[in-house]
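Nothing in this text is a laboratory measurement; each read-out follows from the coordinates by a stated rule. Worth saying up front: this structure is predicted, and the values here are computed from it rather than measured. Using ideal geometry, Cβ is built from the backbone for each residue, glycine included, and neighbour counts are taken over all protein chains shown.
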Amino acid sequence: MNSNHLFFCSMFCRTAVPEYEIVALRTCGHTFHKQCIIAYFNVKNETIPNSSECPICRTPADMKSFLRIYVTGNILDLTDKKSVIENEDVINNCVELIAEQKRTIDNYKMALSIVSRKQLRIRMILSKFIDQLLPQRMKICVIINIEYFTY
C-alpha cells in the first residue's frame, strides 16, 4: 500500500482517498471510495429495497459485488476534470432523485393511511345503516309477500 497513490472519489465525499479504500463493482468495473458506495447502497435500499445498482451505469450490483483493486499510478494525475464534474452532476442528480422519491413514498404512505381510516369509517357507518335498515327490510318483505298472496 503506497499512500502516495490517491483516488479521487466523485461520489459523496469528493476527496482524494488512499488506494486501500478503493473498491470496484465486479458487475461493471466502476470504482468508488468504499465508504461512499456503502452509504449509497444503504440509502438506495432504504428507499427501494433490493434494487441496488451502480450509480454511474445502473448495472445491477450490491455490497457483495465489491472487488478490492490495487493502483500502480496516481489516479489524480490521470483524472479528466471534465468527466469528474460530469460525474459529480450525475451523482448530485441521483442523490436529489433518491431524496425526492423518498419524499414521494412518504407522501403516498400518509395518503394511504388517511384513505384507510376514511374507508374504515365508511364501513362502520354502512354497517350501522344496514343494521338499522334490516328490521325495516324484513317488514317490507313481509308486507310484499302478504300483498302478493292476497291478490
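Sorted by average packing, counted as other Cβ atoms within 10 angstrom per residue and highest first, what order do 16-29, 94-107 take? Spell out each step's value before the answer.
Values: 16-29: 16.9, 94-107: 12.5.
Top to bottom by mean Cβ count within 10 Å: 16-29, 94-107.
Taking the Cβ of R123 as the centre, find all other residues whose Cβ is under 15 Å away and add up their charges (Lys, Arg: +1; Asp, Glu: -1). Working shown, then result.
Details: positive: R117, K118, R121, K128; negative: D131.
My count for the surroundings of R123 gives +3.
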